[in-house]
1. Going by average Cβ neighbours within 10 Å, how do the peptides 60-67, 31-38 rank, with the highest at the top?
2. What is the magnitude of the charge dipole of the chain about its Cα centre, with +1 placed on the Cβ of each Lys and Arg, -1 on the Cβ of each Asp and Glu, and no other charges, expressed in debye to the nearest 20?
3. Within the chain, what whole-number % of the accessible surface is contributed by carbon and sulfur, with the 1.4 Å probe and all protein chains included in the calculation?
4. When ligands, DNA and RNA are left out and all protein chains stay put, how many square angstrom of accessible area per residue does segment 128-174 have with a 1.4 Å probe?
5. At a Cα cut-off below 15 Å, give the aspartates and glutamates reachable from LYS91, other chains included and same-chain residues fewer than 8 away excluded.
6. Lysines near LYS73 by alpha-carbon distance under 20 Å, same-chain residues fewer than 8 away left out - which ones?
7. Keeping every protein chain present and rolling a 1.4 Å probe, give me the accessible area per residue for segment 13-73 in Å².
8. Return the Rg/Rh value of the chain, two decimal places, where both radii are evaluated on C-alpha atoms and Rh is the Kirkwood radius.
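The values are calculated or read from the model by the stated rules, or taken from the named source; none is laboratory data. Predicted model only: the values in this text are computed from it and were never measured. Please note: Cβ atoms are built from the backbone with ideal geometry, for glycine as well, and neighbour counts cover all protein chains shown. All accessible areas refer to the heavy atoms of the entire protein, side chains included, with ligands and DNA or RNA removed. Shrake-Rupley method; radii C 1.70, N 1.55, O 1.52, S 1.80 Å.
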Amino acid sequence: VIRAGSGDTADKWLRAKASVRAVLAAIPQGTQVAIFQMNEATTALSGSSQRPYIDPYDNGALLATLARLDTLKAAGGANLAKAFSALNQLKERPSSLLLISDGLPTAPNPSGRSLSEAERVKLFNHALAHRPAFPFNAILLPFAGDPSAAGLFWKLSARTNGVTLIPHQGWPVP
């Protein structure tokens, strides 16, 4: 799942997209992957909505996914509860989930104003009711303004036998 940020040319947005590419390049052969984008809705970037899994060693499927990733626009807030619900409804259950994000959820936000960290923490805690029944992993890209994000993502990962990584500021190079 890739989280949409603000601004298509923002460093954090370019870094999130580069992170997807780096992860795809490291997937072991024989692994099926599904790539989703998350903003107010969650949609498949790989395969189709009915069959989102692809073999990243299938050049046609990989190139189609990367083309969708390249044209993906940063828009709206990130609704983690909807993302978890969408993933929980997949016919083929994933063995694990990797979320690439720069912080806590920002949707739903009916007010349209900037949310406080306390409000984003509430959205995160609400999403926990929909958390997956499989390992949750996260790559948390640094973002000033969400100091509690790391602890909350680590806690969720630990509850599901997953991991949360916070890479060095220079990884990956967009």
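1. 31-38, 60-67
2. Charge dipole, the chain, about its Cα centre: 300 debye, nearest 20.
3. Taking all protein chains in place, the chain shows 57 percent carbon and sulfur surface.
4. So segment 128-174 comes to 55 Å² accessible per residue, rounded to a whole number.
5. none
6. LYS12, LYS17, LYS82
7. 50 Å²
8. When Rh is taken as the Kirkwood radius, the ratio is 0.93.
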